[in-house]
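No lab work stands behind these numbers, since they all come straight from the coordinates. Owing to the predicted nature of the structure, the values given are computational and were not obtained by experimental measurement. Neighbour counts are summed over all protein chains in view; Cβ atoms, including those assigned to glycine, are modelled from backbone coordinates with ideal geometry.
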Amino acid sequence: MNCDLLLQGGHVLVTPDRTVVADVAISQGQIVAIVPQSLNSAEAIDLETDSTQNSITAQQTLDVTGKLLSPPFVESHIHLDSALTAGNPRWNQTGTLFEGIEIWRDRKQNLSLEDVKQRAIATLKQQAMQGVLFVRSHADVSEPSLTALQALLEVREAVQDWMTLQVVAFPQDGIYGGPQNEALLEEALRQGADGVGGIPHYELTREDGVRSIHRIFELAEQYDRWIDIHCDEIDDDQSRFLEVVSACALRREMGDRVAASHTTAFGSYNNAYALKLLGFLQRSRIHFIANPLINITLQGRTDSYPKRRGVTRVKELWQAGLNVSLGHDCIQDPWYSLGTGNMLDVAMMAIHVCQMTGTAEIDTCYNMVTWNGAKTLGVADQYGIEIGQPANLLVLDARDRYDALRRRATIQMVISRGKILAETSPCNPVWLGRE
């Protein structure tokens, strides 16, 4: 067999719970062979396509012995329209969600297509350099110009050769927070947004919040779109819109096309209510997206001590068999002035904040920024290091998932659609002191 690129001797993550030491062959943008080095072992089962793979020649061969070969990272939740605006027009001094919204309301009055496109593409490149090849971004559609949406739709096309970008129509100020907002949300779907979003906890009343969720589901069915709602991103234990989202998904049989982002109030619910809700969630089977970096920062601001962690019940959702993925949410914007787009940072924060320090739990946090994210984005059928799949994969300077997370390992190589997109040399510090 002849191929374009052969990666030899890597520790290949072929499934969320299976690693093999193997050679991976890539041709014409696809994975064409995965040949375990121990061909007589049980690891070899179902990986080879035929016996000719034992003698593979390649135009380019790379020795990745001892390196971790992983599917690419998935960014399940980010706001590219506001990325790289921290400090403009002013800094968020209180660190709260609501001051961030006010700052962004001022900043977005001066948006232009080129402004949003330039920052979004710069952010996507920054993410791609760190192994992110699938991204779901929310676009604020609360302004009559729909500038943020139109810019991100253009960016979606501009990066399609090396990045899969999904755009959510997100009414930042609420569907019923302004007289035009409902119409703007629908117009965003007509213009080509991939999904429909909402923010029920920021609507003017509880009744408006419930009404907004029902409208979101109506629009999703009308325009055949999936749903991703900013849901209960607040410390208020009486903010209970998640139950409404779950009920709508269950009744309309749309659970696999619905994601609830943040759900931080879930961490403040009393356990009796949380247990009841968890049972309903298992029936509706919606996806969950936690954003541990931003939520550990924004939430709990009104607490003295003890302070709440401000993150949803990630471990309990996972233990209940629900799909949980992770997002960076913000990169240098009015809500979070830090961030580089590195999903290993996100997973590492989840390990700590969610107290997921068991070995299986650590591996699961890695899966939340890979396979679980692919399920959330609905791209699982085109994801993974498998024969016949698009050749999207990473070479990490690590032995396994634990090692990658513990050291926030360098992503040495990013391969997108069979081509090497980025390379980074690992840091090699040298001790010069005395013994």
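Using the Karplus curve 6.51 cos²θ - 1.76 cosθ + 1.60 with θ = phi - 60°, what ³J(HN,Hα) values do you get for each residue of segment 137-151, in whole Hz, with x for Gly and Pro?
10, 8, 10, 5, 10, 8, 9, x, 6, 6, 4, 4, 5, 4, 5
Per DSSP H run of at least 4 residues, take -39500 (n - 2.57); add these up for the chain, divide by its residues and hand me the 222 nm value, nearest 500 deg cm²/dmol.
-10000 deg cm²/dmol
Order of Val21, Val430 from fewest to most other C-beta atoms within 10 Å?
Val430, Val21
Anything over 30 Å Cα to Cα? Flag those among Lys125/Lys375; Lys307/Lys375; Lys67/Lys125, in the order listed.
Lys307/Lys375
What is the distance in Å between the Cα centroid of segment 172-202 and that of segment 58-88?
Taking the Cα centre of segment 58-88 as reference, the centre of segment 172-202 is 30 Å away.
At most 13 other C-beta atoms within 10 Å and a DSSP loop state: those are the exposed chymotrypsin sites (Phe, Trp or Tyr not before Pro) I care about. Give me the longest piece of the chain that has none.
92-430
What does the charge add up to near Ile289, with Lys and Arg as +1, Asp and Glu as -1, over the other residues with Cβ less than 12 Å from its Cβ?
Local charge sum for Ile289: -2.
What does the charge count near Arg399 come to, summing +1 for each Lys or Arg and -1 for each Asp or Glu among other residues with Cβ under 11 Å from its Cβ?
In short, +1.
Note the listed values (i) 33.1; (ii) 23.8; (iii) 22.1, then indicate which one is mean projected area of the Cα convex hull in nm² calculated from this particular structure.
From the options (i) 33.1; (ii) 23.8; (iii) 22.1, the structure gives (ii).
Could you tally the net charge around Arg211, taking each other residue with its Cβ under 11 Å from the Cβ of Arg211, Lys/Arg +1 and Asp/Glu -1?
Summing Lys/Arg as +1 and Asp/Glu as -1 gives -3.
Setting aside same-chain residues fewer than 8 positions from Lys276, which lysines have a Cα under 23 Å from its Cα?
Lys315
Please give every one of the lysines within straight-line cross-link reach of Lys108, meaning a C-alpha to C-alpha distance under 22 Å, and leave out same-chain neighbours fewer than 8 residues apart.
Candidates past the 8-residue exclusion: Lys117.
Which residue, chosen from Tyr223, Asn2, Leu396, occupies the Cα position most advanced towards the positive end of the dipole of the chain, where the dipole is computed from +1 (Lys, Arg) and -1 (Asp, Glu) charges on Cβ about the Cα centre?
Leu396
With a 10 Å Cβ neighbour count serving as the proxy for reagent exposure, in which order, fewest first, do Arg190, Arg283 appear?
Least crowded to most crowded, the residues run Arg190, Arg283.
Calculate, in nm to one decimal, what Asp63 and Glu423 gain on full extension: separation in residues at 0.36 nm each, minus their alpha carbon distance.
The Asp63-Glu423 span can extend by a further 128.2 nm.
Which ³J(HN,Hα) values in Hz, rounded to whole numbers, follow from the phi angles of segment 70-86 under the Karplus curve 6.51 cos²θ - 1.76 cosθ + 1.60, where θ = phi - 60° and Gly and Pro get x?
10, x, x, 6, 10, 8, 7, 7, 8, 10, 6, 5, 9, 4, 6, 10, 3
Using modelled backbone amide H atoms (1.01 Å from N, in-plane), which distant-in-sequence or interchain residues come within less than 5 Å of Trp226's amide H?
Val196
So who's got an amide H within less than 5 Å of the one on Arg313, skipping anything under 5 residues away but keeping other chains? H placed 1.01 Å off N, in plane.
Sorted by chain and number, the residues that satisfy this are Gly267.
Please report Ser38, Ser239, Ser145 as a ranked list, fewest other C-beta atoms within 10 angstrom at the top and most at the bottom.
Lowest count first: Ser38, Ser145, Ser239.
Which ³J(HN,Hα) values in Hz, rounded to whole numbers, follow from the phi angles of segment 408-415 under the Karplus curve 6.51 cos²θ - 1.76 cosθ + 1.60, where θ = phi - 60° and Gly and Pro get x?
So the J values, rounded to whole Hz, are 6, 4, 5, 7, 6, 8, 10, 10.
Can you bin every Cα-Cα distance in segment 285-413 into 10 Å intervals starting at zero and give me the percent of pairs per bin, rounded to whole numbers?
12, 39, 37, 10, 2, 0
Of all beta bridges DSSP finds with both residues in the chain, what is the antiparallel percent, to the nearest 5?
Antiparallel bridges: around 45 percent, rounded to the nearest 5.
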